[in-house]
Every structure is written in C-alpha cells, then in structure tokens.
1. Take every Cα pair under 8 Å in the range 1-140 that's 6+ residues apart, average their separations, divide by the length, and report that relative contact order as a whole percent.
2. Given Cα pairs under 8 Å that are at least 6 residues apart, what percent is the relative contact order of the chain?
3. Rounded to the nearest 500 deg cm²/dmol, what is the calculated helix-only ellipticity per residue at 222 nm for the chain, with -39500 (n - 2.57) per DSSP H run of length n ≥ 4?
4. To make sure I understand, if each residue's beta carbon is the centre and we count other beta carbons within 10 Å, what order do 69, 112 fall in, fewest to most?
5. Suppose we look only past 19 Å in the calculated P(r) of the range 163-272. What percent of the Cα-Cα pairs does that tail hold?
6. Please report 121, 139, 31 as a ranked list, fewest other C-beta atoms within 10 angstrom at the top and most at the bottom.
7. For the Cα atoms of the chain, what angle does the longest principal axis make with the long axis of helix 49-66, in degrees from 0 to 90, nearest 10?
8. Rounding to the nearest 10 and keeping the result within 0 to 90°, find how far the Cα-based axis of helix 162-172 lies from the longest principal axis of the chain.
C-alpha cells in the first residue's frame, strides 16, 4: 500500500488529545486519522514515569500494528516520559509529541522571558517543559503549577462559571504579577481557555501546543513525501473502555459528536 494513504496515529490517556486531533484535522483536512484513547487507564498524569512509558509503548504498538504513517503522542505526560523511548523503538516512523511544539510557541510569545506552565502532576514532576523551554532560550524563567482538578472539570464539561473560575483563582494564587505567558501544558486545558482568560491578567498570553504540534506534523510529513493528496479525511476512534462515555465527553473536546459507529472498543494489552 502507498504509505501516503495510511492514517496518522494519535494516542492519549483519554479525551484530552482530541484537542490535538481537532488541530490536526484543520491543518491536514485530507488525512485519515486513527485515534486511541486509553480510557481504561486514564489518567496518566498521576502515574509513575515507568508506568507511563509502559502504557505509551503499548498504545504505540497497537496503532503501528493497525498500519500508520506517523505517530502523534497527544498527551503531555506521555510526551514528557516516553517520547524518546518511542522514537528509539520506532526509528522509521515519524513520532511527534506536544512538549517541544508547546515550548517553541511559549518562547515565541514571551516578551518578558517569564513563562508559567499549567500541567498535570506527572508533567510538572518530570520537568519536561522547563527543559524544552530553556533549550530554546536559557534566559527564560519558568514556573510550573500542577492543576489536577482542571482535568476533572474539563471532562465533566464544566468549562465556565463560578466553580471553574474560583478553582483557577486558587491555582493562580501567588502566580501574578510575573509571567507574561501561560502555557497550557495539558491537552484538557484548551477547553477551559475562556475561563482561564477571564481570570488571568489581560496582558498574559495563553499558549497551547495543539496548533503548533499540527504544524510540526504537517511539515515533517511534507519533508518525507508522506502527505496525502486531496480527498476528505476520516477519523476512526479506538478506546480501551466505555465507548458510550467517550462519545459523550468527546463532543466537548472535538467540537462535534463522533459517529457512534466509528468508536471501537479494543484490548490494548492483548495487542502486544
């Protein structure tokens, strides 16, 4: 089969990565996508790095076994813990995460060389964003905040209102004044962007990695001659548990209701 016709594989611990899928579909409307949500083992953000690497390797293995031309790790925690492992294990497949593109966007947006990263506990503990940002600019100061409650709010569809704003105020306590960029270091957080914008100072820029990741994937595929010509792309969804809940929650992140027949229940461990 012509490799250009193969889908792009994407995985996340659940539904947060759908914000990345949404950006990818906008940037690459002619491409097919195979999205895996590891909903049986969500969240990854509180797991150990060793566990996250194991889960990520299993997810990548399942997608590669289905036949994909590129792999997108649409999860900040998995990108932080497992991206190098996946690239070493699959050198012939382009593998893109969300950390490096997000760092590039934050550096480009910062005027005062001070960036705050909102992320999960696992991403904060791993320090991947400060490393990626300082690899681009050693003068930038980086502060991180672990915001686990925001993940739960996003998945419940609580994206605005007093409860969300008060939660944000608690997380932001003592953060401002200071950073001029808020980097949304979890793929759940873009759906809370309006509430974050309402609470954060007006002169602070919000940055998420979805659009930058999509551009990086597009550029990599173009350089490798793997872009698909024309047509309208489709998405097939794989989940490891509870397709009905995934379908309900996915609408919040994807901006549309995924077709019921396009959601397949899979056993990720049996696929090893």
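Throughout, read-outs are computed from the coordinates displayed, never taken from laboratory work. Note that the coordinates shown come from a computational prediction; the quantities given were computed from them, not determined experimentally. Cβ atoms come from the backbone with ideal geometry, glycine included; neighbour counts cover every protein chain shown.
1. Numbers: 200 pairs, mean separation 35.6, N = 140.
For the range 1-140, the relative contact order is 25 percent.
2. Values: 534 pairs, mean separation 75.8, N = 272.
Relative contact order comes out at 28 percent.
3. On the way: 11 runs with 120 residues, N = 272.
The helix contribution divided over the chain gives -13500 deg cm²/dmol.
4. 112, 69
5. Values: 3865 of 5995 pairs.
I get 64 percent for the Cα pairs in the range 163-272 exceeding 19 Å.
6. Numbers: 121 16, 139 8, 31 26.
Ascending Cβ contact count within 10 Å gives the list 139, 121, 31.
7. Helix 49-66 sits roughly 30 degrees off the main axis of the chain.
8. On a 0 to 90 degree scale, this one is about 70.
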